[in-house]
Amino acid sequence: MRGYFRRLVAACVDQVGIGTGLRWKLSAAIALVGALVAVALSLVVHNAARVSMLDNARDLADERIMIAQRNYELSGRLNFPNTKIDDPELPEELREKAEGGRRATYVADRPGGAPDIWAAVPLKNGHVMSLHSGFTDRSSDILKDLDQALVIGSIAVVLGGSALGVLIGGHLSRRLRKAATAANRVAKGETDVRVREAIGGVVRDETDDLASAVDAMADALRQRLEAERRVTADIAHELRTPVTGLLTAAELLPPGRPTELVLDRAKAMRTLVEDVLEVARLDSASERAELQDILLGEFVARRVAAKDPDVTVRVVHESEVTTDPRRLERVLLNLLANAARHGRPPIEVTVEGRVIRVRDHGPGFPEALLAEGPSRFRTGSADRAGRGHGLGLTIAAGQARVLGARLTFRNVRPPGAPDDAPAEGAVAVLWLPEHAPTNTGSYPVLAH
């Protein structure tokens, strides 16, 4: 159940998407939208300004051609600049309108240059008077200044949108990272962590809904774990008395092979009950570490020699540590028992500073244990012979947690061998903390 709890919380963290650059993705999206809007508005404004200027230029050309027509009809000669009679360069469309008796203007675009403004009017003698002028330099300058202002404004919009995206995305990313950190702490067994309180903030958004959902899930699973722990502890406690009575009664039986078998099974049952009770106590996170200063290498050498003189102990570097000797011994002996039961000799123990390594030369740990850690009543029969109840490593991991230590597992393979190559042994590594445990879910006390 605890492994399922860790996997479910981890899945929620993965759904959040932490580490995917939400800040920069949001910034890029806002910048892209801002750029598209700025370009569209710039084109609209540019075209509107150009059309307005051309309309003004055509109105001015129309007024001039009317003045030139009156002067010509009064004086009989052309006396207005840029006017001609029957100009051969007059655009055909404009010529047709003038010959049809209409006064009209026309804009002729020139590739890469300013447009030409034409105006034409029919005369009484049947000829066509036309006026040809270009787009004024002042209008061109105004249009260029407008384009420059639009480019600068578009760049400012894109940069401003990017900055806004970074701010908004950064705020959301920080809240999600806080939620992920809190969820990871919950997955590690810290029962007093609330994701909703961890993200904090005044603004309420979807991250609050996510945090509330994770908190509700954690509460529900915590209640199930607590109910499971209580049931397990109650069953084991109820079994302790009849098992003790059974063992006492078996010791009164007459000597013989049947008596030995009964005593062996009764002792195994008593050990199992005690282990289940210990797992239940560790799950309650109420265990206390009684701290003492010890020389780690000397301590390990004496305990291993008392347990199995055939195990090789090598102290690479002696170190003085502050820890709970009884719990440390429990972890060490469980690791040795696991190596002896599931591995093959020789078994080697190495002490280097605050690190203890226990290695055997068997088939290695099962992949499920390497991926998810020890789990009660699961032994991985395909790789480690399947004997036992999976409680030894579970207890070792729980006691290590009370000590504030870290217990890791790995398999030994030849250098350069692929991951699917057969293992040449299993290594359990206990990393003792540099300082005495103070934040392990229990309340350590100093022994006098």
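The values are calculated or read from the model by the stated rules, or taken from the named source; none is laboratory data. The model shown is predicted, which means the values in this text are computed figures rather than measured ones. All Cβ positions, glycine included, derive from the backbone under ideal geometry; neighbour counts span all protein chains shown. Keep in mind that these areas ignore ligands, DNA and RNA; they rest on the heavy atoms of the full protein, side chains included. Shrake-Rupley method; radii C 1.70, N 1.55, O 1.52, S 1.80 Å.
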Carbon and sulfur atoms: what percent of the 1.4 Å accessible area of segment 69-200 do they account for? 53
Need one number: nm distance between label points at Leu41 and Arg102, each 7 Å from Cα along Cα→Cβ, rounded to one decimal. 3.9
Could you sort Asp147, Asp109, Asp116, Asp141 by their accessible area in this structure, using a 1.4 Å probe and putting the largest first? Asp109, Asp141, Asp147, Asp116
As a test of reading the structure, rank His342, His361 by solvent-accessible area (1.4 Å probe, protein chains only), most first. His361, His342
Using a 1.4 Å probe and ignoring any ligands, DNA or RNA, find the accessible area of Val44 and quote it in Å² to the nearest 10. 90
Treat each spin label as a single point 7 Å out from the Cα along the C-beta direction, and report the Leu272 to Leu32 distance in nm. 6.1
Taking the Cα centroid of segment 285-357 and of segment 240-272, what is the distance between the two, rounded to the nearest whole Å? 30
Setting aside same-chain residues fewer than 8 positions from Lys84, which lysines have a Cα under 23 Å from its Cα? Lys97, Lys124
I need the GluC sites (Glu not before Pro) found in segment 34-137, filtered to DSSP loop residues with at most 16 other beta carbons within 10 Å of theirs. Glu89
In square angstrom, rounded to the nearest 10, how much accessible surface does Glu260 have for a 1.4 Å probe? 110
With every protein chain in place, what's the accessible area of Ile199 (1.4 Å probe, Å², nearest 10)? 10
What's the FRET efficiency of Arg110 with Leu167 using the Cβ-Cβ distance as r and R₀ = 41 Å, to the nearest 0.05? 0.30
When ranked by the protection proxy of mean other Cβ atoms within 10 Å per residue, highest first, what sequence do the peptides 48-55, 161-168, 248-255 form? 161-168, 48-55, 248-255
Give me the 1.4 Å probe accessible area per residue for segment 28-83, excluding ligands and nucleic acids, in Å². 64
